[in-house]
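Step one of this worksheet: look at the structure below.
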Amino acid sequence: MTRILDPVLSKKVAGDFRIGLKYVSATPTGLARMREHLGAVLQIVAASSQSGKLLDQATWSALLLAAPECPDKLTPDVAAQFLDLLGDPEQAGETVRVLFELGYLEKFVPAIRRVRCLLQFNQYHKYTVDEHSLRAVSAAAEFRDRDDVLGEAYRSVRDKRILHLALLLHDLGKGQEEDHAEAGRKIAEQTGRRLMLDEHAVGMAATLVHKHLAMSHLAFRRDTSDVDEIAAFREKVITAHAK
């Protein structure tokens with residue numbers, strides 16, 4: 001019944017897609033645009049996330065099939081559009097997952113293509129690298145609702161685009177001969193510039209990725225209630241970023 005009523009009761013948005021009772025669907029005009037413009041793909045994915053409604057099967061299939069042919073070149077507007085979605089705690093987790101599953105995330109973050117289904121074996125990871133990276137973004141975004149020091153710290157981050165980008169990238173250096181933190185630093189620099197971030201933001205993302213093992217060491221092997229420990233770690237990160 002929902003599938004029958006959706007086309008009748010749906011709301012047309014910008015001539016490109018419709019938001020129905022349960023699904024978001026692309027119009028024929030929208031599908032044509034999405035085959036050629038990454039910005040149009042981001043718009044319908046954002047509409048799905050914001051409305052809390054799934055893409056309908058026909059639209060999902062059409063996007064999936066169109067992904068290999070969709071141009072990889074980013075414009076400043078499209079890069080900014082992606083970063084705004086990535087920096088929005090309400091949408092970041094769902095957005096990166098849908099883009100990844102449809103085959104579009106690698107157009108913004110090319111390095112994620114190489115770690116699809118890449119296994120990792122250690123005591124801290126139970127997911128493949130790609131799944132671990134997506135979950136890291138979602139887990140961080142959930143801090144927005146926590147009524148504790150972690151929630152306060154997360155909400156105080158002024159530019160969540162950089163935090164979420166670093167989380168998405170932090171393990172993408174795995175599977176190479178080079179130390180994965182060092183490889184990850186280079187990936188972060190390349191990705192940040194691809195997304196047209198300024199050099200300060202690129203450097204911050206690269207530092208967070210490069211030093212993420214130090215964060216892990218602090219979290220699992222140190223007393224995080226010790227103010228001196230936290231202060232020392234903060235200085236370490238600031239010093240590393242300043243170099």
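Of all the criteria given as (1) free of Cβ contacts under 8 Å to residues at least 60 places away in the same chain; (2) within 17 Å of Val209 (Cα to Cα), the one not satisfied by Arg144 is (2). Considering each residue of the range 115-123 in turn, none proves to be under 25 Å from His200 (Cβ atoms) and not aromatic (Phe, Trp, Tyr).
Meeting the requirement of 2 or more residues that are open to solvent by 80 Å² or more (accessible area, probe 1.4 Å), the helices (runs of 4 or more DSSP H) wholly within the range 57-173 are 57-66, 76-86, 92-102, 149-156. Checking each residue in the range 211-228 for being at pLDDT 75 or above and among the charged types (D, E, K, R) picks out Lys211, Asp228. A search for C-beta distances below 8 Å between a residue of the range 150-165 that is closer than 18 Å to Leu105 by Cβ and any residue that is in a helix (DSSP H, G or I) and open to solvent by 50 Å² or more (accessible area, probe 1.4 Å), counting only pairs 6+ apart in sequence or on different chains, returns Arg161/Asp84; Ile162/Met204. Among the residues of the range 16-51, the ones that are of a type outside the set (D, E, K, R) and assigned to a helix (DSSP H, G or I) come to 20 in all.
The values are calculated or read from the model by the stated rules, or taken from the named source; none is laboratory data. If you're wondering where the values come from, they're calculated on a predicted model, not measured in any experiment. Counting neighbours? That spans all protein chains shown, and the Cβs are built from the backbone with ideal geometry, glycine included. The accessibility values were calculated without ligands, DNA or RNA, using every heavy atom of the protein model including side chains. Shrake-Rupley method; radii C 1.70, N 1.55, O 1.52, S 1.80 Å.
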